[in-house]
Amino acid sequence: MPTSQRNLSPSAARLPLKDALRMLRFTVKRGRTLLDKPLAPGPSPISGMARAVLNDFDQIADRVNDVAAGLSRRFLDTDESGRLYSATLADIENIGEAEIVFAQAAYHGLTRALRHLGTTEGLVSEVRMAEAYKAAVQSGAAEKDRFALAAALMQELVKRGVVRDLLSGSTEEGDCLTETDLAKVAIFALILWFLVDRQDDEDDAEGLLLTCCDMARALKSDLAESLDDAERLQDLIAAYVDKI
Amino acid sequence: MALPIPDALAETDRPIRRAMRRLRWFKQSFAQQVEAIAAASGTEYKIHDDRLAKAFIAWLRAFDAQKPTQSTARRDFTNFASGLMLQQLLRDAPLEVVSVPVGSDASNPAYYWPEGYVYVAYCLNVRGAVLAQDFDEVLNLAPDLSDIRTWWSFKENVTEDPSLAIAFLDLFSGQNPNWSTPSLFYERPEQLEAQQRRGIDG
């Protein structure tokens, strides 16, 4: 067994498992969504046969989903993501296994941000988030200041495709974002949320995250213009984080 | 005419001048304003948070672009900044009227233009709160605020040119409006007078 795998902590070892279980449930869910679509009209014997095959698939999908859901409950609910929900980037930097802690907190934040911004389906990878955090820290950005680290992290999260297979639906807000914009805006909201000062405010973490989403959505064009330029992105983050 | 005041603006222990430059306070105080007017008028509103955030960002940029360096201009800039806020709210229209009470009196500005009424009330309350906190002044509302004919003109004019909202807000609060170039801070009557004085003194 390679050294890196043998030395994995229980939390680190859980990340790929969590991703795999989430992917399994996601695949089953999306498959069932497709099955729910009306069958193409055809001659009645063929149509009847197709329906029978699909019914069988539906039963298998049900069983897979039940097993995956059980495993998910067992493995996914054992972390401390609830407690981490109010952690800031500064809090995370100062604790052991920071990339794992970041991935867990970011998963919670990002899935909520995506939902608020109108995502109906999608996959978020904790493994890729942990990798992104590690890469951002190793880039040396953290030694400059917290905005430099935030910008490097934002770029790594986008580059590594931590969010994929998104489907966007209409939101109450009306202004629908494309799938590509949605992922970037949600990640930007997450970054702002990790930085924003929470001390002098009675805001709950959830309410604050939604405000970060509103801010990120309003800055969508600025984000598109600065995403590929670390310095501009850093300036954008620094300019608006204190305005949340 | 008394305007319902949101709780966030009735607070005295927090510098509103600073708080208003944060989206979470802006959202919260605006929602409280909507709630207070809805309770008083029976009109039901829906707030579009995305449009509200857009208005906030645009206002912040306009604010920073014209913020004066002289401390003597701060009071007049408070008036101007609340006008800028009204202009932006009218442009981005974050409020939607869901329903108005049956048989409501359309000669009352609150029913004639329910969204515009909330925007005006909010901006006047922000202006009044900052003037009270920072300059120990009481905002005197002008009779024009309850005159429906002024509201007809207000709605028609700002629909064509939202920057006129700045001049109308001055009118509603008893200030001397700049009707020709309302969106330029240094063209305001008080600023022109100050420039003239500096020219004479210099």
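Each reported figure results from applying straightforward, stated rules to the coordinates on display, with no laboratory input. These numbers were taken from a predicted model, which means no experiment stands behind them. All Cβ positions, glycine included, derive from the backbone under ideal geometry; neighbour counts span all protein chains shown.
Quick look at the numbers
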quantity	calculated
Per-residue mean of C-beta atoms belonging to partner chains within 10 Å, peptide B:52-63	3
Protection-proxy order for peptides A:113-123, A:133-143, each taking the mean of Cβ atoms within 10 Å per residue, highest first	A:113-123, A:133-143
Relative intensity, log₁₀ I(q)/I(0), of the stretch B:47-136 from a Debye sum that treats every alpha carbon as a point, q = 0.13, 0.22, 0.25, 0.26 Å⁻¹	-0.52, -1.09, -1.23, -1.27
Under the Debye formula (equal points on every Cα, no solvent term), log10 I(q)/I(0) of chain B at q = 0.14, 0.18 Å⁻¹	-0.79, -1.34
Theoretical FRET efficiency, 1/(1+(r/R0)^6), r = Cβ-Cβ of residue B:135 and residue A:180, R0 51 Å, to 0.05	0.60
Principal axes of the stretch A:200-242: Cα extent on each, largest first, Å	34, 19, 11
FRET efficiency, residue A:20 to residue A:224 (Cβ-Cβ, R0 30 Å, nearest 0.05)	0.35
Peptide B:40-51 - average C-beta neighbours from other chains (10 Å radius)	3
For the stretch A:85-241, Kirkwood radius (reciprocal of mean inverse C-alpha pair distance, Å)	15.3
Residue mean of other protein chain beta carbons inside 10 Å, A:212-221	4
Helix axis angle, B:148-160 relative to chain B longest principal axis, alpha carbon, degrees	70
Candidates per GluC sites (Glu not before Pro) in the stretch B:128-202, loop by DSSP, up to 14 other Cβ within 10 Å	B:137
CD proxy at 222 nm, helix term only [per DSSP H run n ≥ 4: -39500 (n - 2.57); per residue of chain B; nearest 500]	-19500 deg cm²/dmol
Cα→Cβ-extended label distance, 7 Å offset, between residue B:155 and residue B:74, nm	3.9
